[in-house]
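The values are calculated or read from the model by the stated rules, or taken from the named source; none is laboratory data. Computed from a predicted model, the values in this text were never measured in an experiment. No Cβ is skipped: glycine too gets one built from the backbone with ideal geometry, and neighbour counts run over all protein chains shown. Please note that ligands, DNA and RNA were not included when accessible areas were found on the heavy atoms of the full protein model with its side chains. Shrake-Rupley method; radii C 1.70, N 1.55, O 1.52, S 1.80 Å.
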Amino acid sequence: EIARAILIGDGREVDDEDKIDEEHIRPIAHEDDFYAHKFTLAENISAQDAVEAILRQRPNLKGSGTPTMFTTEGFLIDLILTKNKMSRRLYNSEEELARVLRVAAIVPVEVMETQTDLLAILVNLNDYTVGADQGGSIAMFDDFDIDYNQYKYLIETRISGALTKFKSALVIRRAAGTLVTPAVPTFVPATGVVTIPAVTGVIYKNADTGTTLTAGAQPAIAAGATIEVEAVPAANYFFPHNFDADWEFTRPV
């Protein structure tokens, strides 16, 4: 609960009696710009371009030492599965990706998935100061609740926390857009004809030439030839995490 409150807030409504006051434990994701530098990636940005964009924002991070990257499992998978034009993965492990991003480690945080536009937070938590009343004393209570026939326990403490160093975090968000899932093109091996589906928000391209393919049947490829079709999101659209958006078709000899 405390870790969640520090990163993104506890997620409760502001009028909930159990709400952790964000003026007392200030979430990094919503911290003032003086302490947390925020930037937004385009909604249709590719995983590789996202890596470059994050690296180019690193001069705005003024925190101590090397930060940790807290992110969603989906965004991490997108980055890990990035491939070059030879269909070879660019990063063979999380550690290799972490070195490229210049972070100490990459930590998937499940609760970050509740923030639909929040992709990652880069921060060294040494720059987040947590204080407590009376030296951090903890009070414990227990009692029997006759109404529910339950024995209840309560552990209570009082703490506060906030970033205490200028620009000590990077908060990375995705621009608002529409989620769209590409349809898979159809291929008839006997004729070598690929048919491109019409899907709003999806652009299909020949991955080898970069040319855009219009919806409908394409010119037949020669016997023994191969065509790779790649789908990219149009402006204001984005694909689901961990979605394979390129397909290779070969006409037999």
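Any chance you could count how many residues in the stretch 78-97 are among the hydrophobic types (A, V, I, L, M, F, W, C) and in contact with a Phe, Trp or Tyr (Cβ under 9 Å, 6 or more places away or on another chain)?
As a first pass, look at the stretch 78-97 and keep what is among the hydrophobic types (A, V, I, L, M, F, W, C): 79-81, 86, 90, 97.
Filter once more, keeping what is in contact with a Phe, Trp or Tyr (Cβ under 9 Å, 6 or more places away or on another chain): 79-81, 97.
So the answer is 4.
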Looking only at residues that are closer than 18 Å to LEU41 by Cβ and part of a helix (DSSP H, G or I) in the stretch 98-117, which one is most open to solvent (accessible area, probe 1.4 Å)? GLU113
Examine the stretch 45-57 for a residue that is basic (Lys, Arg), under 30 Å from THR209 (Cα atoms) and within 18 Å of the chain's Cα centre (by Cα), and state whether such a residue exists. yes
Going through the stretch 1-36 one residue at a time, which ones are closer than 18 Å to ALA120 by Cβ, open to solvent by 70 Å² or more (accessible area, probe 1.4 Å) and among the charged types (D, E, K, R)? ASP33
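Could we say that PHE39 is open to solvent by 40 Å² or more (accessible area, probe 1.4 Å), among the hydrophobic types (A, V, I, L, M, F, W, C) and farther than 21 Å from ASN84 by Cα here? It would help to see each step written out before you state the result.
Working: open to solvent by 40 Å² or more (accessible area, probe 1.4 Å): no; among the hydrophobic types (A, V, I, L, M, F, W, C): yes; farther than 21 Å from ASN84 by Cα: yes.
Answer is no for this residue.
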Looking only at the stretch 118-156, count how many residues are at pLDDT 85 or above, assigned to a helix (DSSP H, G or I) and open to solvent by less than 90 Å² (accessible area, probe 1.4 Å). 2
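Does any residue of the stretch 165-186 turn out to be open to solvent by 60 Å² or more (accessible area, probe 1.4 Å) and free of Cβ contacts under 8 Å to residues at least 24 places away in the same chain? Outline the logic, then answer.
The first filter runs over the stretch 165-186 and keeps only residues open to solvent by 60 Å² or more (accessible area, probe 1.4 Å), leaving 165-166, 176, 178-179, 181, 184, 186.
Pick out the ones that are also free of Cβ contacts under 8 Å to residues at least 24 places away in the same chain and you get 186.
Yes, some residue in the stretch 165-186 is open to solvent by 60 Å² or more (accessible area, probe 1.4 Å) and free of Cβ contacts under 8 Å to residues at least 24 places away in the same chain.
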Note on the stretch 51-91: residues open to solvent by less than 30 Å² (accessible area, probe 1.4 Å), touching a residue at least 40 places away in the same chain (Cβ under 8 Å) and among the hydrophobic types (A, V, I, L, M, F, W, C) are VAL51, ILE54, LEU61, MET69, PHE70, PHE75
In the stretch 187-230, residues that are open to solvent by less than 30 Å² (accessible area, probe 1.4 Å), under 30 Å from ALA53 (Cα atoms), part of a loop (DSSP other than H, G, I, E, B) and without any contact (Cβ under 8 Å) to a residue 60 or more places away in the chain total 1
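Conditions tested, residue by residue: (1) closer than 13 Å to ARG173 by Cα; (2) modelled with pLDDT of 95 or more; (3) touching a helix residue (DSSP H, G or I) at 6+ places or on another chain (Cβ under 7 Å).
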| residue | (1), (2), (3) |
| --- | --- |
| ALA5 | no, no, no |
| GLU13 | no, no, no |
| ASP18 | no, no, no |
| HIS24 | no, no, no |
| ALA29 | yes, no, yes |
| ASP33 | no, no, no |
| ASN44 | yes, no, no |
| GLN48 | no, no, no |
